[in-house]
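Taking it in order: structure first as structure tokens, then the write-up.
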Amino acid sequence: MKKYDGNGMLAAVAVKEGRKKQKETTTVINNLTEKLIVNEAAKITAAINKILLGCQNLTITFDGGKHTFCMELDDASQLSHTAKYILEVLEHMVTKIGPWIFCAVTSDNTGNTHKAQRLLCEKYPYHYIQDGCHLLNLAIKDICLLPEFGELCREYIDIMGYNALFQPGGQKILFELALSKLLQVTGPWAKGLQVLEAADVTADHIYYIFLGIMSQLEEDFCKNEFSLVGTQ
């Protein structure tokens, strides 16, 4: 009979217990990845399809959106995101759900996504809707790059070392005046952006938001309370 000393016996028991726990962990992981997660995903997909099939005039969106359903996870990390590839992904989802329940397609305004939307609208009678939030964000960015606001955005964006701006005096007044001008011009765009971030926004809301922005800017430019350059 082979004998073990105390340390050897403990080591043998520890190795055996370690292998047992590893096997149990592997079994749990396999059950999760091969059964539980797959079954739950199938239930969620079935529920989503049931909801969508009862809807009309839906909008297809990619690269972001509001009140969306995640239909599939597409690993395209090793692929080129060309307009042709994006179109293939969109057509797959359209035919899977049913092309008759959609009426519009929208996404950001980059070259490949814009072309993919245009190609999809050529195959199906869908409306092409530009990304209103993206357009508003670009407008605010361009306003901040105007010569009148360039110094304010460039020099005061980092307030470290600008304690004088918060002390009574001429520099503080000049800073507040310049900031008021910027807020007056970007205010309508920023408010519109906040409204369009809501989950229940529709195409008509986007139209009214842009009308409201143009109306507010026309009033601001006519009054010109802050002496904006080029508004006379």
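The values are calculated or read from the model by the stated rules, or taken from the named source; none is laboratory data. What you are looking at is a predicted structure, and each value in this text was computed from that prediction instead of being measured. Don't worry about glycine lacking a Cβ; one is built from the backbone with ideal geometry, like all the others, and counts go over all protein chains shown. In case anyone asks, the SASA skips ligands and DNA or RNA and just uses the protein heavy atoms, side chains included. Shrake-Rupley method; radii C 1.70, N 1.55, O 1.52, S 1.80 Å.
Structure notes:
- Single unsatisfied condition, residue 132 versus (1) without any contact (Cβ under 8 Å) to a residue 60 or more places away in the chain; (2) in contact with a His (Cβ under 9 Å, 6 or more places away or on another chain): (1)
- Test: residue in the stretch 68-84 that is within 27 Å of residue 193 (Cα to Cα), among the aliphatic types (A, V, I, L, M) and modelled with pLDDT of 80 or more: no
- Within the stretch 99-111, considering residues that are assigned to a helix (DSSP H, G or I) and modelled with pLDDT of 85 or more, the one most open to solvent (accessible area, probe 1.4 Å): 100
- Pairs where the first residue, in the stretch 136-152, is within 20 Å of residue 212 (Cβ to Cβ) and the second is among the small types (Gly, Ala, Ser), C-beta under 7 Å, 6+ apart: 136/192; 140/190
- For the stretch 181-188, the condition holds for no residue, the condition being that it is loosely packed, with under 14 Cβ neighbours inside 10 Å and polar (S, T, N, Q).
- Entry remark, the stretch 115-133: residues being surrounded by 15 or more Cβ atoms within 10 Å (Cβ to Cβ) and modelled with pLDDT under 85 number 4 in total.
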